[in-house]
Ligand SMILES: [Zn+2]
């Protein structure tokens, strides 16, 4: 089997049970939207272009990598028929109102988290370019507390998995609500930068002030973009693009997680922005261009016909596939009336974000980003889609996990430039086009990647692994001497 | 991703201080007492150490998730579609199951095909009784699945939820039909008064196939039941469709009784009867009705579900044709632009207006409203600017505003839409029809639009839909 050049290898995580969980009468969160998305992309013929995985159910052990043992134990034991015995704990863990106890609650969390963790593992193996888990993205969940319809924070679990093999992971959140759970989890570390674009001011969850920038070692590693009602496609792009560009440049992540909460779309039942599916999808497109290992998760989204439109479109964006504006017939076709189209129009609501206001926010955030230990002269930029090239690979079509795991990503991503500059030109236009002059420690897989690229496009699986070990030791010895905060590997 | 708006879900725990909606300065935006991120062992994640990539990758990965499909380039899209269609029609697989089978056989199409018959996809475990119970429970209890489950103890909640969402979809379908029926009833009332139905159906979205039997259609109508078909069977009693012809042969020359509207030529004589008929465009096949009514148990259901399947496959076809049209349309648009750039037309454009041009411009506005670009394209001898000044100069003289008003009236109809959630009707202004794209480039679109009409107005679909109700 061969992969078409320029196309990304996309893995998609979905469990057919997920649509059957029901938060309760009148509750705006409807897991059914994930099944609607699934059915739509199946009928668009996108399904057959991806590797489709049924995620495992995350174990309590996996979930306690972030959450407290007590909290997970509580989630595991609570049921609608025994909740009266748990009154005290329900209060303590904030379960009951926004986050009700419903039938199958724990399993739902297991599937959502299982998808994101499996996706992160897959990216770590470098056997996929992009992984998608629309059942994930539950960004409000805290270490020992449910919040905003979220119980288990699959994103934090996914990022923790990525951190095993990535020195720096970037988290971007385009849900209309502040990504407080993820921000809090990584508030004091410099290995994860969280960037959240959200409505701020008299709005759930109340956090996400422009001045909240992280604490301790993590100072300047939390970026908050507080916005007002009525953000439209153009305004959103005008702030998203420059900020992400600058973040990529200064933070230089080796993996990205994007929370694609669809409650920032126009006409959302709970949201107050005015984005169209196209405008929302542009963020995905932009981040994708960096060619970094990329995890896409779902999130909010309460007008479910638009949520499934949006996530279907973004799946197509991830694949680089063009899809028709006319929806294909599907199991839930009548939900999409009266127009039965993929794309939606913005409403005529006022955009209360003035250009000058957005400009000010941007400049304030740029000032903060300048405080980061910066790699001088290193230019990182998004590259046009067709500039991404990679060779087709012969692959084992039986078990994709046994494919040569590195070769594909390697040819696109050259995050470091220890070897030479000219090497990269025209070949790996991804991240890090210039010479890297500082010697902060870089993620340990980097030398291996480099090696792979130098190795005339083909490589054997065993050989680079040998190199990884060797290079890694060297790399570590460099970093341990380095006083730069970037080399922090917590012990 | 939570909400502040819904009273019942309000989480008073995290109040945010007041903020002015018109704040322009970020310093004003900064709120004292705002909710803060908490710092401490109880809140942050423990960051893992950076590891060396493991040697034994394979072993670890396989435990995490089950691969059920992987893409292949060895099978063409067309072949894949054929395979999916076959496994659906012959063995009842959905496309996910079909692809699963193919993947199981390592993308070996032949092996997969021969294995299809060895498995039977799980049949729908909802009997008619179940469905009736669910519906009545739902109507009395509402969306409380815990309580519905008490009435249907053998169904897990997951199954109830799953059925609910599909049922809701179907229920909407019927409400669409009801809506259409109402609309048509009022049209028909007007018709009776005016004796003419000109223009009345131009804005209707779907089932209306009868208006001009000859127009743009290669199909002919059956002289007995009026259904449009491609093949007619000529008899001494007129040309008949397949069903009528079968009846004719079986009954030695009998005319098949139908519940559909009478033949087009004597339709106006039957105004009174029309009122008891299903909406226009829907026909009930008498034979099918009879077999439903008199058949042994289950036979009726079989007929109905076969019809449902047919409706679905026709709808699939309609949507994929629409996609095809959209694609062609897009291409055409591109081509037009290209063409326009290559061949500028100034030589043909003279600012003086001939009588013919005046007529053309007025007719153009009738068709495209104020889309001067489209009109200019149609005329070919005047530019957009010419037309704009034509409009401002001759507005009064030719009563152009009346024409425009008429055009607008035709373009905008109010469509009632059910919101996806609380089933409150939402009035929404929309394009004239859900199926027809607004015409913007004249020549290219005109043909495309007609094509759409032909597709959506497939009489057979409505016939079966009606029978299924
Ligand atoms: Zn949200």
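Of note:
- The range A:272-284 - residue that is under 21 Å from residue A:194 (Cβ atoms) and away from the ligand (no atom under 16 Å from the Cβ) and, of those, nearest to the other protein chains (Cβ to nearest Cβ): A:284
- Test: residue in the range A:143-155 that is more than 15 Å from the ligand (Cβ to nearest atom) and more than 10 Å from chain B (Cβ to nearest Cβ): yes
- Residue A:313 vs. criteria more than 16 Å from the ligand (Cβ to nearest atom) and in a loop (DSSP other than H, G, I, E, B): no
- Being away from the ligand (no atom under 13 Å from the Cβ), more than 9 Å from chain B (Cβ to nearest Cβ) and under 16 Å from the mean Cα position of the chain (by Cα) is a property that residue A:159 lacks.
- Qualifying residue in the range B:116-127 (condition: at the interface with chain A (Cβ under 9 Å from one of its Cβ atoms), assigned to a helix (DSSP H, G or I) and either at pLDDT 90 or above or out of contact with any strand residue (DSSP E or B) (no Cβ under 8 Å at 6 or more places or on another chain) (or both)): no
- For the range B:406-413, the criterion of a residue being at pLDDT below 80 and loosely packed, with under 13 Cβ neighbours inside 10 Å is satisfied by at least one position.
- Looking across the range A:189-227, the residues that are within 9 Å of chain B (Cβ to nearest Cβ) and more than 16 Å from the ligand (Cβ to nearest atom) come down to A:189, A:191, A:192, A:209, A:210, A:211, A:212, A:214, A:215, A:216, A:218, A:222.
- When the range B:153-177 is filtered for residues that are farther than 14 Å from residue A:36 by Cα, modelled with pLDDT of 85 or more and at the interface with chain A (Cβ under 7 Å from one of its Cβ atoms), the ones remaining, listed by number, are B:157, B:158.
- Failed item in (1) within 16 Å of the ligand (Cβ to nearest atom); (2) touching a residue at least 40 places away in the same chain (Cβ under 8 Å); (3) touching a strand residue (DSSP E or B) at 6+ places or on another chain (Cβ under 8 Å), with residue A:239 passing the rest: (1)
- With respect to (1) within 7 Å of another protein chain (Cβ to nearest Cβ); (2) modelled with pLDDT under 90; (3) closer than 30 Å to residue A:177 by Cβ; (4) in a loop (DSSP other than H, G, I, E, B), the lone exception for residue B:48 is condition (2).
- Members of the range A:293-309 that are more than 10 Å from the ligand (Cβ to nearest atom) and over 17 Å from residue A:155 (Cα atoms): A:303, A:304, A:305, A:306, A:307, A:308, A:309
- Some residue of the range B:138-145 being facing another protein chain (nearest Cβ under 8 Å), in contact (Cβ under 8 Å) with a residue 40 or more places away in the chain and assigned to a helix (DSSP H, G or I): no
- Selection status of residue A:136, more than 8 Å from every other protein chain (Cβ to nearest Cβ) and within 22 Å of residue A:32 (Cα to Cα): yes
Residue-wise test of (1) closer than 23 Å to residue A:306 by Cα; (2) in a loop (DSSP other than H, G, I, E, B); (3) within 11 Å of chain B (Cβ to nearest Cβ).
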position	(1), (2), (3)
A:27	yes, yes, yes
A:30	yes, yes, yes
A:37	yes, no, no
A:48	yes, no, yes
A:58	no, yes, yes
A:65	no, yes, yes
A:73	no, no, no
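- Flag if residue A:281 is buried (at least 20 other Cβ atoms within 10 Å of the Cβ) and touching a helix residue (DSSP H, G or I) at 6+ places or on another chain (Cβ under 9 Å): yes
- Residue that is farthest from residue A:117 (Cα to Cα), among those in the range A:265-283 that are touching a strand residue (DSSP E or B) at 6+ places or on another chain (Cβ under 8 Å) and assigned to a helix (DSSP H, G or I): A:277
- Breaking point among (1) away from the ligand (no atom under 16 Å from the Cβ); (2) touching a residue at least 12 places away in the same chain (Cβ under 8 Å); (3) surrounded by fewer than 23 Cβ atoms within 10 Å (Cβ to Cβ), for residue A:269: (1)
- Scanning the range B:85-99 for residues that are more than 9 Å from chain A (Cβ to nearest Cβ) and part of a helix (DSSP H, G or I) yields a total of 9.
- Qualifying residue in the range A:81-99 (condition: under 21 Å from the mean Cα position of the chain (by Cα) and modelled with pLDDT of 95 or more): no
- Checking each residue in the range B:223-240 for being modelled with pLDDT of 75 or more and surrounded by 21 or more Cβ atoms within 10 Å (Cβ to Cβ) picks out only B:240.
- Search result, residues across the range A:1-18 that are within 8 Å of chain B (Cβ to nearest Cβ) and at pLDDT 95 or above: A:13
- Filtered by the rule that a residue be part of a strand (DSSP E or B) and more than 11 Å from the ligand (Cβ to nearest atom), the range A:248-264 gives A:255, A:256, A:257, A:258.
- Selected residue (only one of B:328, B:311 is within 26 Å of residue B:224 (Cβ to Cβ), modelled with pLDDT of 85 or more and in contact with a helix residue (DSSP H, G or I) (Cβ under 9 Å, 6 or more places away or on another chain)): B:311
The values are calculated or read from the model by the stated rules, or taken from the named source; none is laboratory data. If you're wondering where the values come from, they're calculated on a predicted model, not measured in any experiment. All Cβ positions, even for glycine, are placed from backbone atoms using ideal geometry, and neighbour counts span all protein chains on display.
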